[in-house]
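We did not get these values from a lab; they are worked out from the coordinates using the rules stated. Bear in mind the structure is a predicted one, so any value in this text is a computation, not a measurement. Every residue, glycine as well, gets a Cβ built from its backbone with ideal geometry; the counts of neighbours run over all protein chains shown.
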Amino acid sequence: MQAEERAVTGVPGFDAMLRGGFLPRSANLLEGAPGCGKTTLGMQFIHYGATHGEPGLILTFEQFPEQYYRDAAGFGWDFRELERRRLLQVIMSSPEVTKADLERFNGRIAGLVSNMGVKRILVDSISQFERMTDDPVELRNLLHGFLNALRREGLTALFTREAYVLLGDEQREEDETESSMSFLVDSYVMLRYVEIESAIHRAIIVLKMRGSAHDTHIRQFEIGPHGLVVQEPFRGREGILSGTPQYMAESFIKAFVRR
Amino acid sequence: MERENLANRAYTGDIDPELLDFLNQYVDSFIKWDLMRFFFNNPHTIDTVDNIARYAGRNPETVEQELAELAMRGLLEETHMGTLVVYALAADPEIRDQLARFIQASEDRQFRIRAIYHVIKGGY
């Protein structure tokens, strides 16, 4: 049996980490601290699809669509033109309306899937679902239903989610959405800020990818004039996800010599 | 009365007839104008009164009636989804074109002054 074609993200270096891209009709979580590049990576995924035969939707629960048009233009992506050509639509809504829309027969999103041939969706951000309930079981059911509805529509979905820590080793309370989402999604990608020699760097890691091999290195990435570019793994350091990595030699000394 | 009509014409007489029709048909309050600008800038918004009010930075009680009236006049679409009532910009390309013309015309200060006067006077 031939393997299905991947949903290529168009992010240099990231597709190689995913062994070619996301699996089609999969649900993918992109988690990271504010400003670390989640929405940019999401827009890049949608832009690449829209310009390579896979029209897309951006479902925003926070930012105004005009902010996406402006930010995308900064990377040379003309979202207004893509909307005019019916290759993209930036929808502003709320989780409760989206849920109600997906639950009814032939709702707005289903209509766009059939009329525009939509294949990809960016949901920015899934964190807004937390407003709907305080009950973790109900939240998990809501998220499960939402993910399944998007799968039913045949969409490859990318969900962004805020991590409420800037660097990795800060204390935090139990995070219900994170534990629910990480089980429900097919892949789980984390973006992190990392402090090295008094400078902030950005790191990306694929923590999970159901049904596929993936790169397990923690890699650096930059946001350049044309979007994200994933680079080499961090070498000679460990504790990257703590946000304050150390040279391996330092760790060795701490562990064995200074006892 | 005659003098007032003349004054009105002095302000609105130069408005393109199509834009004047649009003003008469849809724009009878500044909240409606504001909502139209919001939907023009974010044309694929679909949401409840409460959320649209939040996006527009307005009070839901103030916005509710205005959204309902814009829907009645055909500029917006009102949809019932279970217990939710949601509003979106009408899909009709002609209405969207008219709205675009109005918002673009509003960029011009002279037009804006005339249109503001028109709204304050409640049309004629």
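Here the dipole of the protein assembly as shown is about 1020 debye; that uses its Cα centre as origin and unit charges on the Cβ of Lys and Arg (positive) and Asp and Glu (negative).
Please find the FRET efficiency linking residue B:113 to residue B:77, where r is the Cβ-Cβ separation and R0 is fixed at 30 Å, and quote it to the nearest 0.05. Could the numbers behind the result be given before it?
Details: r = 32 Å, r/R0 = 1.05.
The formula returns an efficiency of 0.45 here.
Simple spin-label estimate for residue A:67 and residue B:91 gives 2.8 nm between the two label positions (7 Å along the Cα-to-Cβ direction from each Cα).
What is the average number of partner chain Cβ atoms found within 10 Å of a Cβ in B:81-90?
On the way: counts 11, 5, 2, 6, 0, 7, 0, 5, 0, 0.
Per residue, the number of nearby Cβ atoms from other chains is 4 on average.
Just want to confirm a number: the relative contact order over chain B, from Cα pairs under 8 angstrom separated by 6+ residues, in percent. Kindly include the intermediate steps, with their values, before the conclusion.
Details: 113 pairs, mean separation 41.9, N = 124.
Contact order relative to length: 34 percent.
For the range A:49-59, the Karplus equation 6.51 cos²θ - 1.76 cosθ + 1.60, evaluated at θ = phi - 60°, returns couplings of x, 4, 9, 10, x, 10, x, x, 10, 10, 9 Hz by residue, with Gly and Pro reported as x.
Straight-line cross-link partners of residue A:99 among the lysines, defined as a Cα under 20 Å from its Cα and at least 8 positions apart when in the same chain: A:119.
May I ask you to sort B:121, A:208 by Cβ crowding, counting other Cβ atoms within 10 Å and putting the fewest first?
Values: B:121 13, A:208 16.
Listed from fewest to most nearby Cβ atoms, that is B:121, A:208.
On alpha-carbon atoms, Rg over Rh for chain B using Kirkwood Rh? Could the numbers behind the result be given before it?
Numbers: Rg = 15.3 Å, Rh = 15.2 Å.
Reported Rg/Rh, Kirkwood definition of Rh: 1.01.
Of the trypsin sites (Lys or Arg not before Pro) found in the range A:25-113, those in coil by DSSP whose Cβ has at most 14 other Cβ atoms within 10 Å are A:85, A:86, A:104.
Projecting the Cα atoms of B:17, B:111, B:93 onto the charge dipole of the range B:2-121, computed from C-beta unit charges around the Cα centre, puts B:111 farthest toward the positive end. Among the GluC sites (Glu not before Pro) in the range B:49-124, those placed in a DSSP loop whose Cβ has at most 12 other Cβ atoms within 10 Å are B:107. Taking the C-alpha atoms only, the angle from helix B:17-26 to the longest principal axis of chain B is near 50 degrees. Among the chymotrypsin sites (Phe, Trp or Tyr not before Pro) in the range A:60-125, those located in a DSSP loop and surrounded by at most 15 other Cβ atoms within 10 Å of their own Cβ are A:105. Distance between the modelled labels on residue A:80 and residue A:210, one decimal in nanometres: 4.0 nm (7 Å Cα→Cβ projection).
Residue-wise HN-Hα couplings along the range A:101-109, as the Karplus relation 6.51 cos²θ - 1.76 cosθ + 1.60 with θ = phi - 60° gives them from phi, are 5, 6, 7, 8, 6, 6, x, 5, 5 Hz; Gly and Pro carry x. Applying 1/(1 + (r/R0)^6) with r as the Cβ-Cβ distance of residue B:54 and residue A:226 and R0 = 56 angstrom yields a FRET efficiency of 0.95.
Using only atoms on other chains, find how many Cβ atoms lie within 10 Å of each Cβ of peptide B:37-43 and report the average. Don't skip to the answer; put the middle values down first.
Working: counts 0, 3, 0, 1, 4, 10, 8.
Average neighbour count from other chains, rounded to a whole number: 4.
Taking 0.36 nm per residue of sequence separation and removing the Cα-Cα distance, the residue A:134/residue A:182 pair yields an extension gain of 15.4 nm. With a simple spin-label model that places each label point 7 Å from the Cα along the Cα-to-Cβ direction, the separation between residue B:104 and residue A:152 comes to 4.1 nm.
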